[in-house]
Structure formats: structure tokens, C-alpha cells
Amino acid sequence: MANGCKPIRILRVITISALLLCAPLAYFVAVIGFHLSGSFVPGFVVGGLLMLTYLASFVALAVWPCPQCHRRFVRFNAFWPRNCSHCGQAC
């Protein structure tokens, strides 16, 4: 595996983690925040920050260059990219 694949793997993990943690973590923070302060605002803030993290990491992953052919590694329609869309290099 090429050394240039490490950032792609890190972005994939950040993207899927932010997507999967958004709803449960926002709900948990909202419930705790409501019991402590009577407001759901902390839950909305956490949910919004996780969605922004997801969006930023997804866009960064979508435009990241392939270590081998230096073109975009993935097209926008790929959910969990493992191979380059152009040269087929696996990361």
C-alpha cells in the first residue's frame, strides 16, 4: 500500500464516524442539556458541528488526489471508496 493512501483512509474514517455519531451523540447531549439547563440548544450545536465535520470530510475525500495518477481519487457517487476511480489503485 502506498504511503499516500494514509490521508485517504483517515478521511474515510472521519467521514463515516461523523455520519454515524451525529444523531445518537446529538440526542444524548440534548437530553443531558435539557436536564441540566432546560434547553435543547447544546444538542443542536453538537449535531450541527458533527454534520459540518461530515460535510467537510466528505468534500475533502471527494477532491483528494490519487497518489498514483494525481487525479481525483473518488467520484461524488461513491460512499466508501477503496479504489481510485481512474487508475484503480487500492487504498
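The values are calculated or read from the model by the stated rules, or taken from the named source; none is laboratory data. Predicted model, so just to flag it, every value in this text is computed and none were measured. Note that we place each Cβ from the backbone using ideal geometry, even for glycine, and neighbour counts take in every protein chain shown.
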(message) When you check residue 63 against the structure, is it at pLDDT 80 or above and out of contact with any Lys or Arg (no Cβ under 7 Å at 6 or more places or on another chain), yes or no?
(response) no
(request) For residue 15, indicate whether it is farther than 17 Å from residue 82 by Cβ, of a type in the set (Ser, Thr, Tyr), in contact (Cβ under 8 Å) with a residue 12 or more places away in the chain and part of a helix (DSSP H, G or I). (result) no
(request) Please identify the pairs in which a residue from the range 21-41 that is surrounded by 11 or more Cβ atoms within 10 Å (Cβ to Cβ) and modelled with pLDDT under 85 has its Cβ atom under 8 Å from the Cβ atom of a residue that is of a type in the set (Phe, Trp, Tyr) and part of a helix (DSSP H, G or I), counting only partners at least 6 apart or on another chain. (result) 22/54; 40/34
(request) Report whether or not residue 74 is surrounded by 15 or more Cβ atoms within 10 Å (Cβ to Cβ), part of a helix (DSSP H, G or I) and without any contact (Cβ under 8 Å) to a residue 24 or more places away in the chain. (result) no
